[in-house]
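Undergrad: My questions all concern the structure below.
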């Protein structure tokens, strides 16, 4: 699976280069997040700007990936989702369970806020 990876100080942007989201892609995204976590990168933005179609089966995997990251105190935000795929996500109510940002700057804001929240929460313990 091919991805463009853009690593920043507090997060990485993972952009799949294929135009179809399926179970193989979501598994590869999960593997890529695990690889990046081993390098100390714990927050991820998945940019689906190249994706124009999706399998319904991939949505459950995206939810599991989201939950896994949050169970490990990591952030995960999806952005760049085309209208067709967003409508499919809304049909499955996936948009209510995962972080979706319409634009990259909003995805970065979500990551920044969650990092701040975790820092504040850890200080109060």
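Undergrad: Would you check which residues across segment 3-23 are in contact with a helix residue (DSSP H, G or I) (Cβ under 9 Å, 6 or more places away or on another chain) and over 22 Å from residue 83 (Cα atoms) and list them?
TA: 5, 7, 8, 10, 11, 12
Undergrad: Let me ask something additional. Output the number of residues of segment 81-125 satisfying the condition of being part of a loop (DSSP other than H, G, I, E, B) and either touching a residue at least 40 places away in the same chain (Cβ under 8 Å) or more than 15 Å from residue 47 (Cα to Cα) (or both).
TA: Qualifying residue count, segment 81-125: 4.
Undergrad: In a strand (DSSP E or B) and without any contact (Cβ under 8 Å) to a residue 40 or more places away in the chain, is that true of residue 77?
TA: Yes, satisfied.
Undergrad: Here are the criteria: (1) farther than 24 Å from residue 119 by Cβ; (2) under 14 Å from the mean Cα position of the chain (by Cα). Tell me which single one residue 77 does not satisfy.
TA: Going through the list (1) farther than 24 Å from residue 119 by Cβ; (2) under 14 Å from the mean Cα position of the chain (by Cα), residue 77 breaks only (1).
Undergrad: Please return the ranges of strands (runs of 3 or more DSSP E) entirely within segment 1-70 where 2 or more residues are surrounded by fewer than 17 Cβ atoms within 10 Å (Cβ to Cβ) and either out of contact with any strand residue (DSSP E or B) (no Cβ under 8 Å at 6 or more places or on another chain) or at pLDDT 95 or above (or both).
TA: 3-7
Undergrad: For residue 118, work out the one condition from (1) modelled with pLDDT of 95 or more; (2) out of contact with any helix residue (DSSP H, G or I) (no Cβ under 8 Å at 6 or more places or on another chain) it doesn't fulfil.
TA: Evaluating residue 118 over (1) modelled with pLDDT of 95 or more; (2) out of contact with any helix residue (DSSP H, G or I) (no Cβ under 8 Å at 6 or more places or on another chain) leaves (1) as the failure.
Undergrad: For segment 38-45, check the following and say yes or no: at least one residue is closer than 16 Å to residue 21 by Cβ and touching a helix residue (DSSP H, G or I) at 6+ places or on another chain (Cβ under 6 Å).
TA: yes
Undergrad: Within segment 82-125, which residues are in contact with a strand residue (DSSP E or B) (Cβ under 8 Å, 6 or more places away or on another chain), surrounded by 14 or more Cβ atoms within 10 Å (Cβ to Cβ) and over 18 Å from residue 11 (Cβ atoms)?
TA: Hits for segment 82-125 are 85, 86, 88, 89.
The values are calculated or read from the model by the stated rules, or taken from the named source; none is laboratory data. Computed from a predicted model, the values in this text were never measured in an experiment. Neighbour counts are summed over all protein chains in view; Cβ atoms, including those assigned to glycine, are modelled from backbone coordinates with ideal geometry.
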